[in-house]
Amino acid sequence: MSVKSLPQEARPREKLLARGEQALSDAELLAIVLRTGFAGVGVLQMSQQLLDTFGGLSGLLSANADSLKRVKGLGPAKRAEVMAVMGLAKRAMAQQLTERPVFDNPEALITYAQMQLGARPYEVFAVIFLDARQHLIALEELFRGSLTQTSVYPREVAVRALHHHARSVVLVHNHPSGDLTPSRADVALTRQMAAAMGLIDVNVLDHLIVGPGGGVSMQVVAPW
């Protein structure tokens, strides 16, 4: 069913203005951004297909430009619109985390990390640097490739922590497979990093594992 065939009050844009964003589904909100579908596929159907492709809204928010290129019907203009919305969402989340302690809302921290790294097709190790009030200073990607104790260097993490005058850090890495279960290597790496950061009086508060479908806290599922 096309948007034009819907009653006026049921069309996404009109519904949004009349009843607010909470009255719309994810597909309806996305349809407002995309505006039109493509031959034989209405914008609402296209929006739902896009969400299904990326595993929902959180997956879409962590998608990158290359993955969007592979979606039928997403030309340069539509890709730019989706990327702009995703960029605004990431910046809004980062601003929220700079204004209050990140562990006031642990789920927001995991979502932020997942949006940054969840869609990467290769392993990435990043560090979230926090100030004395546990407010976000920065997230930096430091290592790429197969992550082991020998490929992630605590000294480089320490240098960046001192650069940011960080009092604590949250480690983050992704599992491109989507399996978020911490491995023995993940636990060993966390212990090594916590010991090294302790030498410069910087606390490792958590280690997040993220993937295309979400993220987990190792402090919750595999405390070290």
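The values are calculated or read from the model by the stated rules, or taken from the named source; none is laboratory data. Predicted model only: the values in this text are computed from it and were never measured. A quick note on method: Cβ atoms are made from the backbone with ideal geometry, for glycine too, and the neighbour counts reach across all protein chains shown. Only protein heavy atoms, including side chains, enter the accessible area calculation; ligands, DNA and RNA are left aside. Shrake-Rupley method; radii C 1.70, N 1.55, O 1.52, S 1.80 Å.
Side notes on the structure shown:
- Heavy-atom surface of the range 109-185, accessible at 1.4 Å and reported per residue (Å²): 47
- Over all other residues within a Cβ to Cβ distance under 9 Å of R167, the charged ones net out to -1, with Lys and Arg as +1 and Asp and Glu as -1.
- Fraction of antiparallel bridges per DSSP, the chain only, in percent to nearest 5: 70
- Antiparallel bridge percentage (DSSP; both residues within the range 112-219; nearest 5): 70
- Apolar share of the accessible surface for the chain: 54 percent from carbon plus sulfur atoms, 1.4 Å probe.
- FRET efficiency estimate (nearest 0.05) - Cβ-Cβ, R91 to T36, R0 45 angstrom: 0.95
- Cα pair distances in the range 1-63, grouped into 5 Å bins until the bin that holds the longest one, percent each: 4, 20, 27, 25, 16, 8, 1
- Candidates G213, G118, G178, ranked by Gaussian network fluctuation over the chain, Cα under 10 Å, top entry: G178
- Pairs of Cα atoms farther than 30 Å apart, the chain, %: 33
- Computed over protein heavy atoms with a 1.4 Å probe, the accessible surface of the range 3-46 works out to 61 Å² per residue.
- In the chain, helical runs assigned H by DSSP with n ≥ 4 each contribute -39500 (n - 2.57); averaged across all residues and rounded to the nearest 500, the mean residue ellipticity at 222 nm is -14000 deg cm²/dmol.
- Charge-dipole axis of the chain as Lys and Arg at +1 and Asp and Glu at -1 on Cβ define it, positive-most pick from V159, I200, A23: A23
- Residue among Q22, Q114, Q192 with the largest mean-square fluctuation in a Gaussian network model of the chain, springs linking Cα atoms under 10 Å: Q22
- Volume per residue for the range 21-130 equals 110 cubic angstrom (convex hull of Cα atoms).
- Sum of side-chain charges, T36 neighbourhood, beta-carbon under 12 Å (Lys, Arg +1; Asp, Glu -1): +2
- From most to least packed by mean Cβ count within 10 Å, the peptides 60-71, 4-15 give 60-71, 4-15.
- Dipole of the chain, positive direction: furthest Cα of N174, F54, V187, with charges on the beta-carbon: F54
- The range 118-224: C-alpha pair distances exceeding 20 Å, %: 33
- Alpha-carbon radius of gyration plus Dmax, which is the widest Cα pair, for the range 150-203 in Å: 12.2, 34
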